[in-house]
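A short write-up of the structure that comes next.
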C-alpha cells in the first residue's frame with residue numbers, strides 16, 4: 001500500500017438548479033403549469049401576478065437585464081450601533097408595509113375579504129353535490145330492510161367488499177372467519193344483498209350475476225336459465241348450433257333466448273360508477289391564415305408574472321436592512337428571475353416543436369386522418385435542433401387544437417407502412433381504414449384478416465396478415481367468426 005497523486009479526466013453532467021427547473025417546467029401541461037405558477041406566487045413574495053390588474057408581463061429579455069441591486073452590509077453603516085440598527089431597520093420596513101397595503105388593498109379585495117356581500121346570494125356549498133355510489137345505494141336499502149342487527153353488520157361488511165362492478169371481491173369463508181360468525185349466516189346476509197337493486201349485485205362471477213338477474217325476471221326453468229347455467233362458454237364463442245343440440249331446442253327458440261340474455265347487465269355497478277369528466281385545455285391553437293397555418297400558444301388564464309417593484313426599491317434604498325432579511329430577499333429575487341427565464345424558454349421550445357409538427361402534417365390539417373403522415377421524434381428533433389428526449393418532454397400530456405379537432409401532441413407521431421409509389425402511410429391512417437372496412441362489411445359474411453389484408457393491399461398498402469390482426473385487436477374488433485350475424 002502506498003500514497004500517491006493521480007490526475008484523471010472525466011466528463012460529468014452537472015444539473016444546475018436553473019436546468020432542473022427548466023426540465024421540470026418543460027414537461028408540465030398547461031393546467032399543471034398554472035398550478036405551479038400559482039404556488040410559486042404564493043410562496044415567493046418577490047413574484048407578482050398581474051393577470052387581474054391587466055398590467056404588462058415582465059418578459060425574459062427584461063429579466064435578463066435585471067440584477068440584484070447591490071447593497072452595503074449592515075455592519076458597514078458608520079455610526080450605527082447594533083441595537084439602534086435593528087430598531088431602525090424594522091421600523092422602516094413596517095412603514096413600507098403600511099404603504100404597500102394602502103396601495104394594494106384600497107379596494108378591499110386583495111386582502112382576502114369582499115367589501116360588500118349580498119345576504120340573499122346563495123352560498124357555494126349549496127351547489128355542491130356528490131352522486132350516490134353503489135355502496136351508498138346498497139346501505140340505504142340495507143337500513144330499510146327488516147334484517148336483524150347481526151345480519152346488518154354482516155351485510156355492511158359484504159357491501160364494503162364489493163368492487164366497482166358489483167362483484168364480491170373475497171370468499172365467504174374468509175368473511176366468516178374475519179367476523180367470527182358461521183358461514184350460513186354470511187350466506188343469508190349475501191342472499192339479502194343479492195335481492196337489492198341493481199339486480200345481479202353481490203355475485204361471485206358472471207354466471208352467478210346473470211342467474212340472479214334471471215331469477216329477478218322470474219325465468220327460472222326456461223331456456224334462458226338453462227343457457228346461463230350450463231352453456232355460457234359456448235355462448236361466448238357463438239356456438240349456437242351446438243348449444244341448441246345440447247339443450248334439445250330449435251335454433252329459433254335459442255336465438256330468442258339469446259336476445260334476452262344480451263339485454264342483461266354483466267356489470268351491475270356500472271350505472272353507479274362515478275367517472276370523473278376531464279376537461280382538456282389545449283396548450284396551442286392552430287389557425288389557418290392566408291399563407292398557411294399559424295401556431296398560437298394558449299396563455300388565457302395563465303398568471304402574468306413580474307418582479308415586485310416594492311422589494312426592488314427596498315434592496316436599493318434600505319442599507320440598514322437586517323442581514324437575514326436582505327439575504328432572504330436576494331434569494332427570492334434570484335429564484336423569481338430563474339422562473340421567468342425558464343417560462344419564456346419553455347414557451348419558445350413548445351412553439352418551435354408545434355410549428356414543426358404543423359409544417360409536417362399540413363395535409364392532415366387540410367384533409368383529415370387519411371392524410372396523416374408518418375412522423376417520429378427524430379424528425380422533429382433534427383428540424384428544431386433539440387435532443388429527442390427534449391422533444392419527448394415537450395409532447396408529453398400536451399394538446400393542440402386544430403381545424404380537424406383537439407389532439408394530443410403524441411397523436412401526430414406514428415410509424416409508417418410502405419404504400420404505393422414508395423410513399424409511406426401512417427399506421428394511424430391504416431387503422432382508420434381498417435375500422436371503416438369492418439363497418440362496411442356484410443354482417444352475414446364478415447371479412448377475415450387475410451381478406452382485410454388483401455383489401456388494404458388493393459389500396460396500395462403493403463401489410464401482412466399478422467399486422468392486420470394486431471391492428472384489429474388494438475381497435476378492439478372481434479375476429480370474423482364472432483362478428484358474423486346468425
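Numerical summary
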quantity	calculated
At R0 = 22 Å, FRET efficiency that the Cβ-Cβ distance of residue 454 and residue 476 yields, to 0.05	0.45
Cβ-Cβ FRET estimate between residue 423 and residue 24, R0 fixed at 35 Å, reported to 0.05	0.30
For the stretch 240-280, fraction of C-alpha pairs farther apart than 14 Å, in %	63
Distance (nanometres) between label positions extended 7 Å along Cα→Cβ at residue 136 and residue 300	3.3
Cβ-Cβ FRET estimate between residue 444 and residue 217, R0 fixed at 45 Å, reported to 0.05	0.90
Over the stretch 392-486, volume per residue of the alpha carbon convex hull, in Å³	129
For the stretch 140-232, radius of gyration divided by Kirkwood radius, i.e. Rg to Rh on alpha-carbons	0.99
Full-extension gain in nm, residue 174 to residue 237, via 0.36 nm per residue minus C-alpha separation	19.3 nm
Added length on full extension, which subtracts the Cα-Cα distance from 0.36 nm per residue, residue 383 to residue 14	130.2 nm
Rounded to whole Å, sorted largest first: equivalent-ellipsoid semi-axes of the stretch 206-328, Cα gyration tensor	73, 25, 11
Sequence-separation-based contact order of the stretch 142-200, relative, with Cα cut under 8 Å and 6+ spacing, percent	36
Proxy reagent accessibility, fewest Cβ within 10 Å first, across 267, 359	359, 267
Theoretical gain in end-to-end length, residue 163 to residue 289 [0.36 nm per residue, Cα-Cα removed]	40.1 nm
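Values in this text are rule-based calculations from the coordinates and carry no lab data. Nothing here was measured: the structure is a model prediction, and the numbers come from that model. For neighbour counting, all protein chains shown are included, and Cβ atoms are generated from backbone atoms with ideal geometry for every residue, glycine included.
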